[in-house]
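Just below is one structure, and these are the notes that go with it.
Read-outs throughout are calculated quantities, based only on the coordinates presented, and are distinct from any laboratory measurement. All values derive from a computational prediction rather than experimental measurement. Ideal geometry is used to build each Cβ from the backbone, glycine not excepted, and the neighbour counts take in all protein chains shown.
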Amino acid sequence: MPSVFAVAVLFAAPVLAGPVDVVNSADVDIVSLALTAPGADWQPRTVDARLLRKGELTKLDADGDGCRRDLRAVFADRRMLILRDVDVCDAAPLDPGFYHPRMHGRRGD
């Protein structure tokens, strides 16, 4: 009796990150945000200069394939934070304000 074998070939399409939610939980406003591929140079086109106050949420475009990006946030007090190799496909908003020294009762210089 002949055997019938079914072969399924799955082609994996590249994962494309959509808009990324970014929220600010710090008491200090964020004055610019940027997303780029991990380890890539920061391009002027990646900077979003809109103000992000405490508790506000915005969306950034994550151009390109894959889910990993570097995020740069510049705060009104001139502190800059870079979060490297974050998963922008995760459903949770990115919160650079969480890492600001004024969070959690800490005071920076």
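In plain terms, the residue of Arg79, Arg69, Arg84 with the fewest other Cβ atoms within 10 Å comes first and the most crowded comes last, giving Arg84, Arg79, Arg69.
Distance distribution note for segment 20-105: the fraction of Cα pairs above 23 angstrom is 14%. Extension gain for Lys54 to Asp21 (0.36 nm times residue separation, less C-alpha to C-alpha distance): 10.4 nm. A straight chain from Ile82 to Ala37 at 0.36 nm per residue would run longer than the Cα-Cα distance by 14.9 nm.
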